[in-house]
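One structure is given below, encoded as structure tokens.
The values are calculated or read from the model by the stated rules, or taken from the named source; none is laboratory data. Quick caveat, the model's predicted, so the values are computed rather than measured. Here the Cβ positions follow ideal geometry from the backbone for every residue, glycine too, while neighbour counts run over all protein chains shown.
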Amino acid sequence: MNAANLPAREAMEFDVVIVGAGPAGLAAAIRLKQLAPDTSVVVVEKGSEVGAHILSGAVIDPIGLDRLVPEWRKEETPLGTAVTADRFYVLGSSGAVRLPNLLMPPLMNNHGNFIASLGDVCRYLAQKAEALGVEIYPGFAAAEVLFENGAVAGVATGDMGIGKDGHHKASFTRGMELRAKYTLFAEGARGSLSKMLIERFGLHQNRQPQKYGIGLKELWQVTPDNFRTGLVQHTMGWPLANNTGGGSFLYHFGDNLVSVGFVVHLNYQNPYLSPFEEFQRFKTHPLVRDTFAGGKRICYGARAITEGGWQSVPKLAFRGGALIGCAAGFMNVPRIKGSHNAILSGMLAAEHVTTALAAGRAHDELADYETAWRGSPIGHDLWRVRNAKPLWSKLGTFAGVALGGLDMWTNTIGFSFLGTLKHSKPDFATLKPAADCRPIAYPKPDGKLTFDRLSSVYLSNTNHEEDQPVHLIVRDAALQKASEHDVYAGPSARYCPAGVYEWVEEAGQPRYVINAQNCVHCKTCDIKDPNQNINWVPPEGGGGPNYPNM
Ligand SMILES: Cc1cc2nc3c(=O)[nH]c(=O)nc-3n(C[C@H](O)[C@H](O)[C@H](O)COP(=O)(O)OP(=O)(O)OC[C@H]3O[C@@H](n4cnc5c(N)ncnc54)[C@H](O)[C@@H]3O)c2cc1C
Ligand code: SF4
């Protein structure tokens with residue numbers, strides 16, 4: 001059946017449609033209902049349930065929650081572990097130097113924060129939202145933006161039951177149109193619809209390019225002897241070279257749980273680098289390896305983060321909608337925190353939507369939201385750290401982080417010697433040709449502390465309907481061979497944390513294989529492919545990882 005013969009989609013009308021049930025989307029939904037209980041609000045979520053696609057550290061600064069749900073401290077919530085100790089180390093290959101807490105800029109201090117699974121926090125927020133009358137539809141990906149007279153007028157969920165080759169299976173059902181006066185995009189880092197809107201409305205004009213990192217995480221159940229409740233530990237340095245940004249996090253929380261993760265900045269240059277293998281290598285360092293002795297790895301996943309900060313936040317508002325949370329790039333990189341700003345931005349946007357609806361407006365630009373964020377706590381948070389990432393990229397880890405720290409100190413007092421530094425190229429443009437780089441020999445996994453990709457993806461509970469069109473669109477197959485393979489030696493096989501991409505030899509010719517069913521929706525390929533030749537689009541709703549508590 002071709003598109004013209006398709007049955008019409010059913011449509012539903014709301015005041016506000018929200019795309020994504022992360023902290024930003026749920027905070028916006030809750031705030032809308034708190035301010036005007038009669039506002040009709042729907043949230044669509046591509047994960048099979050709320051939290052299924054949420055992956056974070058997470059040390060949570062409660063500034064957002066305190067404003068959104070002031071009663072949370074009196075309730076049973078997933079935020080049961082307060083931070084008790086905060087340590088920062090610089091690693092060499094076998095040693096570690098601890099930086100005294102007194103040297104750290106005050107904004108880096110984690111006392112007063114809580115360690116939790118952000119997925120569980122989202123499940124808690126979803127209950128709050130539903131109790132207020134918000135409709136939440138998990139298992140439905142927003143696949144298309146609806147436009148009316150050039151303004152956003154809602155979204156359509158994807159059609160279901162289409163086979164790999166495009167034929168309509170017996171289970172075929174058309175997507176649903178969710179029409180709204182305002183639509184808030186809360187898709188997180190590198191949202192697929194947000195990316196399209198940024199292009200279409202030129203929201204990135206006069207801004208620095210957005211920068212990204214990939215964060216990989218494992219959740220471990222450790223032995224009681226190795227558990228230190230409330231310990232927060234970060235490292236930088238080994239195993240990354242000085243010219244590759246990134247570092248680790250390790251948080252002890254809950255019932256003998258340790259959340260361990262590694263972030264690699266996606267402006268790395270060597271196409272042979274594998275963020276996954278760097279993470280595995282990190283766990284073997286003497287500072288951390290004993291933590292996992294006798295323990296069990298219970299979950300694995302990965303997700304991109306935004307790193308551009310203040311300089312890279314696009315214009316947020318356009319006719320009929322706005323970006324919130326990490327879709328807008330509100331991550332604070334040196335603090336490795338974004339969930340507080342996700343909540344605050346959801347609330348801020350909701351307040352401006354409520355004012356607009358009360359004035360009888362619809363489908364226009366929320367210009368006041370645009371001007372408000374820089375003067376809000378979100379702007380204050382990002383302004384003080386705005387030079388940390390550009391310095392790190394330009395000067396390398398040791399000099400860059402030292403000078404970045406000094407700049408954060410002076411910004412805390414209220415000034416900077418450096419003004420506002422620019423980022424350099426977008427991350428897809430930083431790879432060097434493989435011929436100019438040295439292959440990296442990574443050690444083999446031991447199956448106890450270090451693992452391979454496939455056994456890791458298994459722990460993400462990733463599941464996609466197999467007979468559906470591939471959701472990783474390679475625009476130009478010949479370019480992929482001529483450039484990604486021939487010039488850059490196939491970096492997708494290394495940067496993808498789920499082993500989705502492989503170049504296999506067939507009759508003496510390299511063939512690009514895409515194991516789309518393994519995709520954990522981290523979005524790294526959409527960001528790092530050197531030619532921007534891979535476009536991530538949502539697969540059938542409900543597909544992807546099923547993180548129980550990441
Ligand atoms: C490894 C790592 C460690 C981190 N550590 C911390 C930390 O310690 N503290 C902290 O505060 N922050 C941390 N962050 C950042 C934090 O997780 C983010 O800032 C936060 O999750 C952003 O919230 P969000 O609601 O904007 O987006 P997300 O949390 O990404 O949520 C977006 C939601 O939208 C859904 N979605 C996306 N597109 C669609 C679509 N088209 N249709 C339907 N649904 C869609 C997704 O499935 C997801 O559920 C970390 C991030 C990572 C990756
Ligand atoms: S295919 Fe792309 S989005 Fe999916 S896991 Fe691999 S890099 Fe991430």
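Suppose we keep only residues that are part of a loop (DSSP other than H, G, I, E, B) and within 16 Å of ligand 1 (Cβ to nearest atom) within the range 209-238. Which one would you say is farthest from LEU459 (Cα to Cα)?
Pass one, the range 209-238, residues part of a loop (DSSP other than H, G, I, E, B): 209-211, 222-223, 227-230, 238.
Subsequent filtering for residues that are within 16 Å of ligand 1 (Cβ to nearest atom) retains 210-211, 230.
Values: GLN210: 31, LYS211: 28, GLY230: 25 Å.
Checking each candidate, the answer is GLN210.
Yes/no matrix, rows are residues, columns are (1) among the aliphatic types (A, V, I, L, M); (2) within 21 Å of LYS33 (Cβ to Cβ); (3) within 16 Å of ligand 1 (Cβ to nearest atom); (4) touching a Cys at 6+ places or on another chain (Cβ under 9 Å):
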site: ALA293; (1), (2), (3), (4): yes, no, no, no
site: THR306; (1), (2), (3), (4): no, no, yes, yes
site: ALA328; (1), (2), (3), (4): yes, no, yes, no
site: ASN332; (1), (2), (3), (4): no, no, yes, no
site: ALA349; (1), (2), (3), (4): yes, yes, yes, no
site: THR355; (1), (2), (3), (4): no, yes, no, no
site: ILE378; (1), (2), (3), (4): yes, no, yes, no
site: TRP392; (1), (2), (3), (4): no, no, no, no
site: THR397; (1), (2), (3), (4): no, no, no, no
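Can you tell me which residue is farthest from ligand 2 (Cβ to nearest atom) among those in the range 220-272 that are surrounded by fewer than 23 Cβ atoms within 10 Å (Cβ to Cβ) and closer than 30 Å to ASN531 by Cβ?
Within the range 220-272, the match that is farthest from ligand 2 (Cβ to nearest atom) is ASN242.
Quick one: in the range 124-142, of everything that is buried (at least 20 other Cβ atoms within 10 Å of the Cβ) and more than 15 Å from ASP15 (Cα to Cα), which residue is nearest to ligand 2 (Cβ to nearest atom)?
Across the range 124-142, the extreme among qualifying residues is ALA141.
Residue under question is THR430, and the condition is that it be within 16 Å of ligand 1 (Cβ to nearest atom), of a type in the set (Val, Ile, Thr) and surrounded by 15 or more Cβ atoms within 10 Å (Cβ to Cβ); does it hold? Write out each step before concluding.
Details: within 16 Å of ligand 1 (Cβ to nearest atom): no; of a type in the set (Val, Ile, Thr): yes; surrounded by 15 or more Cβ atoms within 10 Å (Cβ to Cβ): yes.
Judged against the criteria, THR430 is not a match.
Mind telling me which of the residues PRO510, PRO530 ends up being more than 8 Å from ligand 2 (Cβ to nearest atom), under 27 Å from THR306 (Cα atoms) and not aliphatic (A, V, I, L, M)?
Within the list PRO510, PRO530, the selection yields PRO530.
Matching residues to (1) closer than 24 Å to ASP467 by Cβ; (2) touching a residue at least 12 places away in the same chain (Cβ under 8 Å); (3) of a type outside the set (D, E, K, R):
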| residue | (1), (2), (3) |
| --- | --- |
| TYR501 | yes, yes, yes |
| GLN509 | no, no, yes |
| ASN515 | yes, yes, yes |
| CYS522 | yes, yes, yes |
| ILE527 | no, yes, yes |
| ASN535 | yes, yes, yes |
| GLU540 | yes, yes, no |
| ASN549 | no, yes, yes |
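Would you point out the residue of the range 484-493, among those that are surrounded by fewer than 23 Cβ atoms within 10 Å (Cβ to Cβ) and assigned to a loop (DSSP other than H, G, I, E, B), that is nearest to ligand 2 (Cβ to nearest atom)?
To start, the set of residues in the range 484-493 that are surrounded by fewer than 23 Cβ atoms within 10 Å (Cβ to Cβ) comprises 485-490, 493.
Subsequent filtering for residues that are assigned to a loop (DSSP other than H, G, I, E, B) retains 486-490.
Working: ASP486: 21, VAL487: 19, TYR488: 15, ALA489: 17, GLY490: 13 Å.
Ranking the qualifying residues of the range 484-493, first place goes to GLY490.
For GLU540, all conditions in the list (1) acidic (Asp, Glu); (2) within 16 Å of ligand 1 (Cβ to nearest atom); (3) in contact with a helix residue (DSSP H, G or I) (Cβ under 9 Å, 6 or more places away or on another chain) hold save one; what is the number of the exception?
Status for GLU540: all satisfied but (3).
Which is modelled with pLDDT of 95 or more and either near ligand 1 (Cβ under 10 Å from one of its atoms) or within 30 Å of GLU465 (Cβ to Cβ) (or both), of LEU68, LEU55, LEU32? Give the derivation first.
On the way: LEU68 fails: either near ligand 1 (Cβ under 10 Å from one of its atoms) or within 30 Å of GLU465 (Cβ to Cβ) (or both); LEU32 fails: either near ligand 1 (Cβ under 10 Å from one of its atoms) or within 30 Å of GLU465 (Cβ to Cβ) (or both).
Checking each option against the conditions leaves just LEU55.
Applying the selection to the range 43-74, what residues are more than 16 Å from ligand 2 (Cβ to nearest atom) and either of a type in the set (D, E, K, R) or more than 22 Å from the chain's Cα centre (by Cα) (or both)?
Passing the criteria: GLU45, GLU49, ASP61, ASP66, ARG67, VAL69, PRO70, GLU71, TRP72, ARG73, LYS74.
Looking at the range 344-398 only, could you name the residues that are touching a residue at least 24 places away in the same chain (Cβ under 8 Å) and β-branched (Val, Ile, Thr)?
Within the range 344-398, VAL353, THR354, ILE378, VAL385, THR397 qualify.
When the residues of the range 314-330 are filtered to those that are assigned to a loop (DSSP other than H, G, I, E, B) and buried (at least 24 other Cβ atoms within 10 Å of the Cβ), which remaining residue is farthest from the chain's Cα centre (by Cα)?
As a first pass, look at the range 314-330 and keep what is assigned to a loop (DSSP other than H, G, I, E, B): 314-316, 319-320, 324, 328-330.
If we keep only those that are buried (at least 24 other Cβ atoms within 10 Å of the Cβ) too, we end up with 316, 320, 324, 328-330.
Values: LEU316: 18, GLY320: 24, ILE324: 13, ALA328: 11, GLY329: 9, PHE330: 11 Å.
Once the filter is applied, the top-ranked residue is GLY320.
Quick one: which residue in LEU344, LEU357 is touching a helix residue (DSSP H, G or I) at 6+ places or on another chain (Cβ under 6 Å) and either more than 30 Å from LEU216 (Cα to Cα) or of a type in the set (A, V, I, L, M, F, W, C) (or both)?
When all the criteria are applied, what remains is LEU344.
If you go through the range 458-480 one residue at a time, do you hit one that is small (Gly, Ala, Ser), under 26 Å from the mean Cα position of the chain (by Cα), over 30 Å from ASP290 (Cα atoms) and within 15 Å of ligand 2 (Cβ to nearest atom)?
There is no residue in the range 458-480 that is small (Gly, Ala, Ser), under 26 Å from the mean Cα position of the chain (by Cα), over 30 Å from ASP290 (Cα atoms) and within 15 Å of ligand 2 (Cβ to nearest atom).
Test of understanding: among GLU45, GLU49, which residue is among the charged types (D, E, K, R), closer than 30 Å to ALA153 by Cβ, crowded, with 21+ Cβ neighbours inside 10 Å and within 12 Å of ligand 1 (Cβ to nearest atom)?
After ruling out the rest, the residue left standing is GLU45.
Given the conditions (1) away from ligand 1 (no atom under 16 Å from the Cβ); (2) under 24 Å from HIS167 (Cα atoms); (3) not aromatic (Phe, Trp, Tyr), which single one is not true for LEU472?
So LEU472 meets the others, but not (1).
Restricting to the range 494-533, and then to whatever is aromatic (Phe, Trp, Tyr) and buried (at least 21 other Cβ atoms within 10 Å of the Cβ), can you tell me which residue is farthest from ligand 1 (Cβ to nearest atom)?
Here the residue is TYR501.
Output the number of residues of the range 67-89 satisfying the condition of being surrounded by 17 or more Cβ atoms within 10 Å (Cβ to Cβ) and either touching a strand residue (DSSP E or B) at 6+ places or on another chain (Cβ under 8 Å) or assigned to a loop (DSSP other than H, G, I, E, B) (or both).
9
State which residue is surrounded by the most Cβ atoms within 10 Å (Cβ to Cβ) when the search covers only the range 90-117 and only residues that are in contact (Cβ under 8 Å) with a residue 12 or more places away in the chain and of a type in the set (Val, Ile, Thr).
ILE115
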